[in-house]
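Visitor: Mind looking over this structure? Questions follow.
The values are calculated or read from the model by the stated rules, or taken from the named source; none is laboratory data. Predicted model, so just to flag it, every value in this text is computed and none were measured. All Cβ positions, glycine included, derive from the backbone under ideal geometry; neighbour counts span all protein chains shown.
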């Protein structure tokens, strides 16, 4: 089933989660240990992130210095195929991410062909993070030769494949993917305005995106303001709220720094109250996320998308929601 069908035809707003592939050397069993109970609780689809390469060192050859790159979390396509096979009778769909970082149009096409061969029918198209240096610091984003700097160009390539238009062949069988994309209600870079973010969301939809998923937020008013402005701009595809529970004291600093999200003063106050009690902070974060989910559902959000990476307590949240 395609994600757009889940979003527009389901009697109840579906719930989805986003996971990461196992780190190099870890087992796919860890993924299934996370997902098995969530599938039993009725999630509809699973996003799988794609991680850019990191520079891990350099080698000298004939007087020239070459970077050595490695992906610390490989296997997005393989994880997507394994999820589809394991949960095929439950109808749970994998949604692998497709990114610009490190990809040429030809390697993008090869990756999409492999996904199609696995029976994958949904993808989420993103620019992706910049590669990192050996110390883990982001490098300036530079597209691969002939590659893309922005997600809308990637979306256009995927949309062209739906018409059977390939870059590596004169013609071919259509690859009928449902295309999702990201949007950023609080800005994807410092100083971005709400009008700019709505504009770029609309550009992605005009390129071929069928639905949008927001960056995480902790104040539902952020979502409703974005939705209202998007509708005013003529943007009427489903916009799925993306949510993550805040579960550690460190999140007060890390989440705004990494994702540009603001934290409501009341949430900060509750976390500060229990700064020396990790378990109580976890409970505060779970309850805050549950309340967000309940209010979004009551307000008519088309779905709920929960970021499940790094041991986020998604099972605890769904127990209260369901």
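Visitor: Within region 43-65, track down each residue that is modelled with pLDDT of 95 or more and either assigned to a helix (DSSP H, G or I) or at positive phi (or both).
Guide: Once the filter is applied, which keeps residues that are modelled with pLDDT of 95 or more and either assigned to a helix (DSSP H, G or I) or at positive phi (or both), region 43-65 yields nothing.
Visitor: Ok, one more. Report the residue count in region 279-308 for those that are in a helix (DSSP H, G or I) and either surrounded by 12 or more Cβ atoms within 10 Å (Cβ to Cβ) or in contact with a strand residue (DSSP E or B) (Cβ under 8 Å, 6 or more places away or on another chain) (or both).
Guide: Final tally of qualifying residues: 19.
Visitor: Something else now. Taking the conditions exactly as written (at pLDDT below 95, under 28 Å from residue 81 (Cβ atoms) and within 17 Å of the chain's Cα centre (by Cα)), does residue 129 satisfy them or not?
Guide: For residue 129, the condition - at pLDDT below 95, under 28 Å from residue 81 (Cβ atoms) and within 17 Å of the chain's Cα centre (by Cα) - is met.
Visitor: Then there's this: Which residue, of 269, 170, is part of a helix (DSSP H, G or I) and farther than 21 Å from residue 8 by Cα?
Guide: Just a single option satisfies the conditions, and that option is 269.
Visitor: Further question on the same structure: Say whether the condition of being more than 21 Å from the chain's Cα centre (by Cα) and touching a residue at least 12 places away in the same chain (Cβ under 8 Å) is met by at least one residue in region 300-315.
Guide: No, every residue in region 300-315 fails to be more than 21 Å from the chain's Cα centre (by Cα) and touching a residue at least 12 places away in the same chain (Cβ under 8 Å).
Visitor: Also, quick follow-up: Considering only region 26-35, state which residues are surrounded by 12 or more Cβ atoms within 10 Å (Cβ to Cβ) and in a helix (DSSP H, G or I).
Guide: Selection gives 30, 31, 32, 34, 35.
Visitor: Just give me the residues in region 309-322 being under 18 Å from residue 215 (Cα atoms), surrounded by 13 or more Cβ atoms within 10 Å (Cβ to Cβ) and modelled with pLDDT under 95, in sequence order.
Guide: 309, 312, listed by residue number.
Visitor: I would also like to ask the following. Which of the numbered conditions does residue 148 fail, given that it passes all the others? Conditions: (1) out of contact with any helix residue (DSSP H, G or I) (no Cβ under 8 Å at 6 or more places or on another chain); (2) under 17 Å from residue 100 (Cα atoms).
Guide: Exception for residue 148: condition (1).
Results for (1) modelled with pLDDT of 95 or more; (2) out of contact with any helix residue (DSSP H, G or I) (no Cβ under 6 Å at 6 or more places or on another chain), shown as yes or no for each residue.
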{"site": "171", "(1), (2)": "no, yes"}
{"site": "181", "(1), (2)": "yes, no"}
{"site": "192", "(1), (2)": "no, yes"}
{"site": "207", "(1), (2)": "yes, no"}
{"site": "214", "(1), (2)": "yes, yes"}
{"site": "221", "(1), (2)": "yes, yes"}
{"site": "224", "(1), (2)": "yes, yes"}
{"site": "237", "(1), (2)": "yes, no"}
{"site": "251", "(1), (2)": "yes, yes"}
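Visitor: Can you run down the residue pairs with Cβ atoms below 6 Å, 6 or more apart or on separate chains, where the first is in region 138-160 and free of Cβ contacts under 8 Å to residues at least 12 places away in the same chain and the partner is surrounded by 14 or more Cβ atoms within 10 Å (Cβ to Cβ) and part of a loop (DSSP other than H, G, I, E, B)?
Guide: 138/130
Visitor: Among the residues of region 1-22, which ones are in a helix (DSSP H, G or I) and either touching a helix residue (DSSP H, G or I) at 6+ places or on another chain (Cβ under 9 Å) or surrounded by fewer than 22 Cβ atoms within 10 Å (Cβ to Cβ) (or both)?
Guide: Scanning region 1-22 gives 4, 5, 8, 9.
Visitor: Let me ask another. Could you tell me which of the residues 87, 166 is at pLDDT 95 or above and farther than 26 Å from residue 46 by Cα?
Guide: When all the criteria are applied, what remains is 166.
Visitor: Can you find even one residue in region 253-260 that is assigned to a helix (DSSP H, G or I), buried (at least 18 other Cβ atoms within 10 Å of the Cβ) and in contact (Cβ under 8 Å) with a residue 40 or more places away in the chain?
Guide: Among the residues of region 253-260, not one is assigned to a helix (DSSP H, G or I), buried (at least 18 other Cβ atoms within 10 Å of the Cβ) and in contact (Cβ under 8 Å) with a residue 40 or more places away in the chain, which makes the answer no.
Visitor: Residues to consider are 179, 120; find the one that is within 21 Å of residue 6 (Cβ to Cβ), under 21 Å from the mean Cα position of the chain (by Cα) and in a loop (DSSP other than H, G, I, E, B).
Guide: Answer to the check: 120.
Visitor: Write out, first by first residue and then by second, each pair whose Cβ atoms fall under 9 Å of each other, whose residues are 6+ apart or on separate chains, and whose first residue, in region 86-109, is touching a residue at least 60 places away in the same chain (Cβ under 8 Å) and at positive phi while the second is buried (at least 21 other Cβ atoms within 10 Å of the Cβ) and part of a loop (DSSP other than H, G, I, E, B).
Guide: 91/44
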